[in-house]
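Structure first, then comments.
The values are calculated or read from the model by the stated rules, or taken from the named source; none is laboratory data. As the structure is a computational prediction, the values presented were derived from the model and not from experiment. Quick reminder, even Gly has a Cβ in these numbers, built from the backbone with ideal geometry, and neighbours come from all protein chains shown.
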Amino acid sequence: MEGQLPFLLLMFAVMFLFLILPQQRRAKKERTFKNNLSKGDLVVTKGGIHGKILEVNDANDTCVVETMAGKVKMERSFISHEMSKQRSTATKK
């Protein structure tokens, strides 16, 4: 049992560094992204729909996204990423 204890502690430390810590960082980054969504941002939903945010409702964690087909009210968690910053850097190049 004495020889196995350091090995078990090392395995736990490696699991923490390679599995748990990156997942926590990713979750924190996603949380801040969703909280910083604002009116006028160009976004892509997880379903692949491109649109522009018309309004953000903090009370029930939803937003209204304007697409080519019309306006859609959806949960903020359905927004995958923002296109506004990517488009502005692409035009500067």
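For the reader, a short list of remarks on this structure follows.
- Residue count for segment 2-22 satisfying the condition of being more than 30 Å from the chain's Cα centre (by Cα) and of a type outside the set (Asp, Glu): 8.
Residue-wise test of (1) surrounded by 10 or more Cβ atoms within 10 Å (Cβ to Cβ); (2) more than 13 Å from Ser80 (Cβ to Cβ).
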residue	(1), (2)
Leu5	no, yes
Met15	yes, yes
Pro22	yes, yes
Lys39	yes, yes
Leu42	yes, no
Val56	yes, yes
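- Qualifying positions in segment 41-78 - β-branched (Val, Ile, Thr) and in contact with a helix residue (DSSP H, G or I) (Cβ under 7 Å, 6 or more places away or on another chain): Thr45, Thr62
- Of all the criteria given as (1) modelled with pLDDT of 90 or more; (2) over 17 Å from Glu75 (Cβ atoms); (3) small (Gly, Ala, Ser), the one not satisfied by Gly3 is (1).
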